[in-house]
1. Under a crude label model (7 Å from the Cα following the beta-carbon direction), how far is Arg103 from Glu24 in nanometres?
2. Accessible area per residue, 1.4 Å probe, Å², for the chain: what's the number?
3. For the stretch 63-79, take each phi angle, set θ = phi - 60°, evaluate the Karplus expression 6.51 cos²θ - 1.76 cosθ + 1.60, and give the result in whole Hz per residue in order, putting x for glycine and proline.
4. Going by alpha carbons, how many degrees (0 to 90, nearest 10) lie between the helix axis of 13-22 and the longest principal axis of the chain?
5. Hey, can you grab everything whose amide H is under 5 Å from the amide H of Lys90? Only 5+ residues off in sequence or another chain; H modelled, so Pro and N-termini drop out.
6. Based solely on its DSSP helices, what 222 nm [θ] is calculated for the chain when runs of n ≥ 4 H residues each add -39,500 (n - 2.57) and the sum is averaged over all residues, nearest 500 deg cm²/dmol?
7. Subtract the Cα-Cα distance of Glu79 and Ile5 from 0.36 nm times their separation in residues, and report this length gain in nm to one decimal.
8. Got a number for carbon plus sulfur as a percent of the chain's accessible area, 1.4 Å probe?
Amino acid sequence: MKLVIGIVRPEKANDVLTALYRAEVRGVSLSRVQGHGGELDRVETYRGTTVKMGLAEKVRFEIAVSDEFVEPAIEALCEGGRTGEVGDGKIFVVPLERAVRIRTGETDHGAVTPVDA
Ligand SMILES: Nc1ncnc2c1ncn2[C@@H]1O[C@H](COP(=O)(O)OP(=O)(O)OP(=O)(O)O)[C@@H](O)[C@H]1O
Ligand SMILES: [Mg+2]
């Protein structure tokens, strides 16, 4: 199992959700975050004052999936999230040790996007 973390533009969150649904990835959490892409701080002149660019609003998807769904989840994040401009976001895939469905006590593969969804 993996936890796929995708950080995208807020205005692309619905497109990502649609793409995930089409890919039959079930189960997702979203949160608003603020981030920085790591680029050298651009400096802009605003009303005569020189200011550093600040943090950007992003939406963070967390998607726990069986290994079979890692690529579909990544593709959905890319398809739904891409504009082609800088700042489209980033995807991180991390190992996921356990998952538990509280209602039933099902664990692991039974508790994340099932292979035969
Ligand atoms: N190394 C990182 N660690 C954690 N979060 C990151 C990292 N890089 C980017 N992010 C998050 O992703 C958001 C979008 O990053 P961004 O798309 O600017 O990445 P980038 O690598 O600069 O790519 P681009 O060149 O397309 O701008 C950031 O605002 C931040 O929330
Ligand atoms: Mg960037």
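The values are calculated or read from the model by the stated rules, or taken from the named source; none is laboratory data. Quick caveat, the model's predicted, so the values are computed rather than measured. Positions of Cβ are backbone-derived with ideal geometry, glycine not excepted, and every protein chain shown enters the neighbour counts. Side chains are part of the model used for accessible areas, which takes the heavy atoms of the whole protein and leaves out ligands, DNA and RNA. Shrake-Rupley method; radii C 1.70, N 1.55, O 1.52, S 1.80 Å.
1. 2.1
2. 68
3. Once θ is set to phi - 60°, the couplings for the stretch 63-79 become 10, 8, 9, 5, 4, 4, 9, 5, 5, x, 5, 5, 4, 5, 5, 5, 4 Hz.
4. For 13-22 against the chain, the angle is about 30 degrees.
5. Those qualifying (amide H under 5 Å, at least 5 residues apart or on another chain) are Ile7.
6. When only DSSP H runs of four or more count, the value is -5500 deg cm²/dmol.
7. This chain segment gains 25.1 nm when fully extended.
8. 50
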